[in-house]
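Here the structure comes first, spelled out in structure tokens, and everything after it is commentary.
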Amino acid sequence: MNNYENLNEIQLDALREIGNIGSGNAATALSVMLQEPIDIEVPVIRVLEYEQVIESLGGPEQLLVGLMLQLGGDVTGMMMFLLKQEFAHLVLQQLMGVDFPENGELDAMAGSAIQEVGNIMAGSFVNAIGDMTGLTIDISVPDLCVDMTGAILSAPAIYYANISDKIICIEDRIGNQNMKAGTHVLMIPEEDSLEKIMNSLGLV
């Protein structure tokens, strides 16, 4: 398995199931953290080129909050959460009673709150993979970046260009009764780790 494009429909279904479980776990954990019900729509899981991800997020000049984490242990690679401003605003309102700044310049406390959300969401997806495969996966502390979509995605596009020009993209709509906002989870396991996941599921 030397490219994400080689994934067959059964393997993609397994990734969809991981995405479904991870998204559901993330919504439950966020409900506890924000102390209010959080709803989530059925996520859409696709294998996309970087340019397609950028377009699905509103173009290269869309301001986003990016959280990047390194994966270690049995599975190596990277995971990235791309949060739209509306979602970041909901989080900051619930946790701190403040608005997401229009210029995207977060102070230390607001940045820490968003990073903690990234930790919770990452843990939810990693636990979903671990529960289904029996693999042990470690995650790093999230690196936080508020920037245009094109700039945020340039780092993984360059770093992982030797793996594939495509990535696993999980598109969610998540929020409360008043507002739902889009979030994207990008999973970029290295080739041998992707094969290890599929082998653990009996799909290789």
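The values are calculated or read from the model by the stated rules, or taken from the named source; none is laboratory data. As the structure is a computational prediction, the values presented were derived from the model and not from experiment. So basically every Cβ, Gly included, is an ideal-geometry build from the backbone, and we count neighbours across all protein chains shown.
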Here the qualifying pairs (Cβ atoms under 8 Å; residues six or more apart or on different chains; first in the stretch 21-40 and at positive phi; second assigned to a helix (DSSP H, G or I) and not hydroxyl-bearing (Ser, Thr, Tyr)) come out as Gln35/Gln94
Pick out the one residue from Asp172, Asp131, Asp138 that is of a type in the set (Asp, Glu) and under 30 Å from Glu102 (Cα atoms). Asp172
Could you please tell me which pairs satisfy a Cβ distance under 9 Å, a separation of 6+ or placement on different chains, a first residue in the stretch 77-88 that is of a type in the set (Asp, Glu), and a second residue that is not in a strand (DSSP E or B)? Glu86/Phe100; Glu86/Met179
Of the listed residues (Ile129, Ile120, Ile168), the one being outside any loop (DSSP other than H, G, I, E, B), under 23 Å from Gln93 (Cβ atoms) and touching a Leu at 6+ places or on another chain (Cβ under 8 Å) is Ile120
Among all residue pairs at least 6 apart or on different chains, which show Cβ distances below 7 Å where the first residue, located in the stretch 179-204, is modelled with pLDDT under 85 and the second is surrounded by fewer than 19 Cβ atoms within 10 Å (Cβ to Cβ) and not in a strand (DSSP E or B)? Met179/Glu86; Ala181/Glu86; Glu191/Met1; Glu191/Asn2; Val204/Met1; Val204/Glu195
